[in-house]
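The values are calculated or read from the model by the stated rules, or taken from the named source; none is laboratory data. Small disclaimer: the values here were computed from a predicted structure and weren't measured. Virtual Cβ from ideal backbone geometry, glycine too; neighbours counted across all protein chains shown. Ligands, DNA and RNA are stripped out before the accessible areas are found, and what is left, the full protein with its side chains, is counted by its heavy atoms. Shrake-Rupley method; radii C 1.70, N 1.55, O 1.52, S 1.80 Å.
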Amino acid sequence: MIRAVKGMRDILPPATGIWNFAETTAYSVFRAYNYQEIRTPILEETALFARGVGAETDIVGKEMYTFEDRDGSSLTLRPEATASVMRAYIEHRLDQLPGVKKLYYIGPMFRRERQQKGRYRQFYQIGGEAIGSESPLVDAEVIEMSVEILTRCGLENFQLLINSVGCPNCRPAFVELLRQKLSELAPKMCVDCQRRAVTNPLRVLDCKVPDDQPIIETLPSILDHLDSACAEHFHTVRGVLDHRGIVYEVRPRLVRGLDYYMRTTFEITHSGLGSQNTVLAGGRYDGLAESIGSKVPAPGVGFSMGEDRLVMSVEGTLAQTAEALVIVTFTAGEATRNAALSAAGQLRQAGIRVEVSEGKLKKVFETANKLNARLAVICGENEVAAGTVSLKDLAKQEQWTAPSGELLEQVKKCLNK
Ligand code: ATP
Ligand code: MG
């Protein structure tokens, strides 16, 4: 038997209903903040991620699905979308459009990670990018919007963590300081940290290994080393969040795995998720455009939400959102069949969820029961001859007959629509 590839899963109904709900909710929030959709290819040239995500990151170092195409070029299944959005932005000269360019995407990403709960090799992200402004108001708006999506999806008790990671003006001195401290401390840390201490000291702060935490606590805080412009920027982001009543915690150890992040970084975690507890991560990436070869600067800020993890978190708490189902059935012959199809057509036009079911009434009712249908509409020979339909409330087990012309009205009443 052929099964789905390891780490890649089928998402089946009824769970897909929750996925649809999450996406519909995200669409409406994006619309409210004046974001428009961008769709970029799943495959990109490998160089885009090597440069845009950073050669030293885990993603590029060990998680990408990279292959050689028939013409010898190296292609990669996208592990994230920000680099692709920025490539498209540069390629199509979106910088020439007026205002802040606000783009959102929803789609699959691919990383060859160890599969565990909340961690898959094909997973889905819902993300937004605001490109073309350095203003801290934009950072705060992006954060507010991502909180809004989670809230409207029904997520409760999540935690928003924010930090600033400085900029190319102030960060190098801090990284140098870290490097010095780590030359002494790293040998007592995990092997990954020993490597990071040399290649990317900032990422030591991000280490999740419990035994390393007491050492990490002793390391200097980047917030004490921001230059005045970065400190002012962070101050304004915080001020706006405070004004908007958005609760957050400042976490000076919060750095991002991706090299192009600068200034604001943020994450939202949810305790119900266990060890893979980050639902969403984001930040400002003013240096990204240049790192993938743009001559014009394109400062941006964005976030990406793990849709798999969001769905996992709200699955249990979400009330049944499925709409009531109406079964339309007929007894025998063309006239009753046509009456049933017309009835179904009319109800569907009105936005009601309808299934046409053929067969003996007893069997139809049995199936209707299993499908959890609310109501049956029966088009029998007598009904058709009299210009009526019979309706059966399947919960109350009550049946009655009404003129065909009143069908929609009666069904709506029964469904409380
Ligand atoms: P993590 O620390 O969990 O590995 P990350 O830093 O690699 O996350 P990002 O690149 O910031 O993740 O991606 C943003 C979000 O996408 C994450 O917060 C998470 O919700 C989701 N995500 C990332 N990798 C996976 C995965 N392999 N499976 C499911 N969701 C994922
Ligand atoms: Mg990861």
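Summary table
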| read-out | value |
| --- | --- |
| Cα-based helix-to-principal-axis angle, 171-185 vs the chain, degrees rounded to 10 | 80 |
| Cross-link pairs 181/295; 363/396; 363/412 - those with Cα-Cα distance over 27 Å | 181/295 |
| For residue 149, net neighbour charge (Lys/Arg +1, Asp/Glu -1) across residues whose Cβ lies under 12 Å away | -2 |
| Considering only segment 323-416, percent of DSSP beta bridges that pair antiparallel, nearest 5 | 50 |
| Gyration tensor (alpha-carbon) shape descriptor, segment 160-232, a/c threshold 1.5 | prolate |
| Two-site label geometry, residue 367 and residue 416: point separation in nm, points 7 Å out along Cα→Cβ | 2.8 |
| Lys/Arg +1, Asp/Glu -1 at C-beta; segment 1-79 dipole; positive extreme among 16, 32, 43 | 16 |
| Positive-end residue of 97, 52, 75, charge dipole of segment 35-158 with Cβ unit charges | 75 |
| Value at 222 nm in deg cm²/dmol, rounded to 500, when DSSP H runs of n ≥ 4 in the chain each add -39,500 (n - 2.57) | -11000 deg cm²/dmol |
| Proximal aspartates and glutamates relative to residue 188, as straight alpha-carbon distance under 13 Å, when same-chain residues fewer than 8 apart are discounted | 211, 212 |
| Per residue value of the accessible surface for the chain (all protein chains in place, 1.4 Å probe), Å² | 50 |
| Residue 246 versus residue 91: modelled label distance in nm, points set 7 Å from Cα along the beta carbon direction | 3.1 |
| FRET E, pair residue 135, residue 42, Förster distance 51 Å, beta-carbon r, rounded to 0.05 | 0.95 |
| Cβ-based net charge around residue 2, under 15 Å, with every Lys or Arg adding one and every Asp or Glu removing one | +2 |
| Pairwise centroid distance, computed over Cα atoms, of segment 188-221 with segment 349-416, Å | 65 |
| Size of charge dipole - the chain - debye, nearest 20, with Cβ of Lys, Arg +1 and Asp, Glu -1, no other charges | 860 |
| Listed residue pairs exceeding 23 Å between alpha carbons, taken from 370/392; 360/417; 117/208 | 360/417 |
| Alpha-carbon centroids, segment 253-308 and segment 25-69: separation in whole Å | 12 |
| Angle between the chain longest axis and helix 15-32 axis [Cα atoms, degrees, rounded to 10] | 70 |
| Under the Karplus curve 6.51 cos²θ - 1.76 cosθ + 1.60, θ = phi - 60°, whole-Hz ³J(HN,Hα) for segment 368-373, x wherever Gly or Pro sits | 4, 4, 5, 7, 6, 5 |
| Protein accessible area in the chain, 1.4 Å probe - carbon and sulfur % | 51 |
| For the chain: rounded, prolate or oblate by the Cα gyration tensor [a/c cutoff 1.5] | prolate |
